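K.L.:
This is the structure I have questions about; it appears just below.
The values are calculated or read from the model by the stated rules, or taken from the named source; none is laboratory data. These numbers were taken from a predicted model, which means no experiment stands behind them. Neighbour counts run over all protein chains shown; Cβ positions are idealised from the backbone, glycine included.
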Amino acid sequence: MPKAELAGRDLITTQDWSVEELEVTLKLARGLKRKYHHGRVPSLLRKKTFFMLFYAPSTRTRAAFEAGMTYLGGHAQYIDISTTRLGAGEAPKDVARMYEKYGHGLGIRILDSAIDYVYGAGVSVVREYARHSEIPVINMACCTYHPTQGLADLMTIQEMLGNLSGKKYVIMWGYSKSFRGRCSIQEEALIMPRFGMDVVLAHPRGFEIDHRIIETSKRNAEAEGAEFTVTNDLMSAIEGAHVVFPRNWASNGLLQIGASKFGKEREVELHGKYRDWTLTKDLLDRMDRKAVVTHVLPVLRGEEATDEVLDGPHSVIYPQAENGLYTKMAVLALTMGERR
């Protein structure tokens with residue numbers, strides 16, 4: 001049975017939880033994974049309901065949360081905001097207070113086109129729900145954070161590499177004709193140094209992430225005797241890496257004012273200057289011989305990385321996606337479980 005210390009707690013970002021609390025979550029996730037493969041998942045959330053409020057679409061996040069609640073004996077209810085009165089001016093405060101009467105947990109997903117890519121607009125909405133809700137609020141991805149994804153990625157890397165202390169983790173900006181926000185990027189930057197990894201954030205100039213995230217990530221690294229560095233030199237970043245995560249994100253200029261004001265065509269033109277920022281077999285050969293390639297999906301094939309890399313022996317993108325189920329189940333069980 002999960003420990004009760006996290007019962008009733010929100011999860012907006014992994015930074016909200018201590019390393020010990022994250023380790024408890026990962027331990028439970030690994031246990032649920034074993035039980036799942038043996039068909040013996042315990043009904044830890046029997047007769048409980050998790051409301052999933054989606055401002056933005058999802059392929060894996062919805063499926064994993066919904067399936068996870070089913071396996072745990074409860075029910076996840078998918079709510080597209082277009083079917084609610086939120087678009088007609090209803091306040092998140094009122095929605096939060098209503099859902100707490102109906103169920104036992106509330107998930108919010110709001111990012112990218114749902115907020116016109118304006119950085120900060122999504123997380124402020126998530127925090128608004130959390131401020132007014134007496135049931136735990138889980139961030140299912142916003143403009144700034146994606147905590148259950150960060151946990152899944154950490155779990156996967158631990159499975160592949162074992163002890164992560166001193167291992168080199170590269171977050172690599174990847175070329176794309178389209179663009180996305182940086183929630184996964186920033187969550188990785190925060191959580192990986194807390195488990196002893198030397199993290200390198202590599203991107204072209206103009207694609208900087210939140211300076212507050214960088215400052216916190218550096219403090220996280222220092223506390224564990226690790227390093228967090230930022231570079232515009234892709235080759236030096238990749239050299240000897242144990243993990244690489246190739247992922248596109250929008251320019252800092254666009255995220256400050258939004259896609260409508262900045263101009264989507266202008267952003268695409270900017271990305272086109274960095275077509276060589278694609279993870280290829282040649283770049284992979286510069287990494288550690290046992291290195292792994294991760295991605296949170298959806299991956300933009302032929303842009304962020306080549307098919308040869310994504311379908312090759314170093315890729316762990318499908319086990320990573322699977323682990324998203326177990327980390328989400330663990331978070332649900334721990335936050336929505338009974339207090340003791």
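K.L.:
Look through 253, 272 and report the one residue that is closer than 18 Å to residue 186 by Cβ, of a type outside the set (D, E, K, R), surrounded by fewer than 19 Cβ atoms within 10 Å (Cβ to Cβ) and modelled with pLDDT of 95 or more. Give the derivation first.
P.N.:
On the way: 272 fails: closer than 18 Å to residue 186 by Cβ.
The match here is 253.
K.L.:
State the number of residues belonging to segment 223-276 that are within 15 Å of residue 199 (Cβ to Cβ) and not aliphatic (A, V, I, L, M).
P.N.:
Going through segment 223-276 one residue at a time, the tally reaches 13.
K.L.:
I've got another one for you. Considering only residues that are assigned to a helix (DSSP H, G or I) and either under 20 Å from residue 118 (Cα atoms) or of a type in the set (Gly, Ala, Ser) (or both), which ones fall in segment 53-94? Give the derivation first.
P.N.:
Narrowing segment 53-94 to residues assigned to a helix (DSSP H, G or I): 60-71, 81-83, 86-88, 92-94.
Those that are assigned to a helix (DSSP H, G or I) and either under 20 Å from residue 118 (Cα atoms) or of a type in the set (Gly, Ala, Ser) (or both): 63, 64, 67, 68, 81, 82, 86, 87, 88, 92.
K.L.:
Let me ask another. Counting only residues that are surrounded by fewer than 22 Cβ atoms within 10 Å (Cβ to Cβ) and aliphatic (A, V, I, L, M), which one in segment 43-65 is nearest to residue 329 (Cα to Cα)?
P.N.:
Ranking the candidates gives 63 first.
K.L.:
Moving to a separate point now. Residues to consider are 215, 304, 267, 208; find the one that is out of contact with any Cys (no Cβ under 6 Å at 6 or more places or on another chain), acidic (Asp, Glu), crowded, with 22+ Cβ neighbours inside 10 Å and within 22 Å of residue 144 (Cβ to Cβ). Before you say what the answer is, go through the steps one by one.
P.N.:
Values: 215 fails: crowded, with 22+ Cβ neighbours inside 10 Å; 267 fails: crowded, with 22+ Cβ neighbours inside 10 Å; 208 fails: crowded, with 22+ Cβ neighbours inside 10 Å.
Step by step, each of 215, 304, 267, 208 is checked, and only 304 is out of contact with any Cys (no Cβ under 6 Å at 6 or more places or on another chain), acidic (Asp, Glu), crowded, with 22+ Cβ neighbours inside 10 Å and within 22 Å of residue 144 (Cβ to Cβ).
K.L.:
Same structure again: Looking at (1) part of a helix (DSSP H, G or I); (2) modelled with pLDDT under 95, can you tell me which one residue 130 breaks?
P.N.:
Only one criterion in (1) part of a helix (DSSP H, G or I); (2) modelled with pLDDT under 95 is unmet by residue 130, namely (2).
K.L.:
Next up: Within segment 178-194, work out how many residues are in a loop (DSSP other than H, G, I, E, B) and either of a type outside the set (Lys, Arg) or crowded, with 24+ Cβ neighbours inside 10 Å (or both).
P.N.:
Count: 4.
K.L.:
Are any residues in segment 195-247 assigned to a helix (DSSP H, G or I), under 29 Å from residue 268 (Cα atoms) and among the hydrophobic types (A, V, I, L, M, F, W, C), and if so, which ones?
P.N.:
Passing the criteria: 213, 214, 234, 235, 237, 238.
K.L.:
Hey, can you tell me all the residues within segment 248-261 that are within 20 Å of residue 211 (Cα to Cα) and in a helix (DSSP H, G or I)? Quick ask: steps written out before the conclusion?
P.N.:
Step one: of segment 248-261, the residues within 20 Å of residue 211 (Cα to Cα) are 248-258.
If the condition is that a residue be within 20 Å of residue 211 (Cα to Cα) and in a helix (DSSP H, G or I), then 252, 253, 254, 255, 256, 257 are the ones that fit.
K.L.:
Can you tell me which residue within segment 320-330, out of those that are out of contact with any Leu (no Cβ under 6 Å at 6 or more places or on another chain) and surrounded by 24 or more Cβ atoms within 10 Å (Cβ to Cβ), is farthest from residue 8 (Cα to Cα)?
P.N.:
Filtering first and then ranking leaves 320.
K.L.:
Scan segment 262-283 residue by residue and report those that are part of a loop (DSSP other than H, G, I, E, B) and either out of contact with any Phe, Trp or Tyr (no Cβ under 7 Å at 6 or more places or on another chain) or without any contact (Cβ under 8 Å) to a residue 12 or more places away in the chain (or both). Write out each step before concluding.
P.N.:
Step one: filter segment 262-283 for residues part of a loop (DSSP other than H, G, I, E, B), giving 263, 273-278, 280.
Within segment 262-283, 263, 273, 276, 280 meet the criteria.
K.L.:
Ok, one more. With (1) surrounded by fewer than 19 Cβ atoms within 10 Å (Cβ to Cβ); (2) free of Cβ contacts under 8 Å to residues at least 40 places away in the same chain as the list, and residue 286 as the residue in question, which single condition is left unmet?
P.N.:
Of the numbered conditions (1) surrounded by fewer than 19 Cβ atoms within 10 Å (Cβ to Cβ); (2) free of Cβ contacts under 8 Å to residues at least 40 places away in the same chain, the odd one out for residue 286 is (2).
K.L.:
Which of the numbered conditions does residue 290 fail, given that it passes all the others? Conditions: (1) under 30 Å from residue 21 (Cα atoms); (2) in contact with a Phe, Trp or Tyr (Cβ under 9 Å, 6 or more places away or on another chain); (3) of a type in the set (Lys, Arg).
P.N.:
The number of the failed condition is (2).
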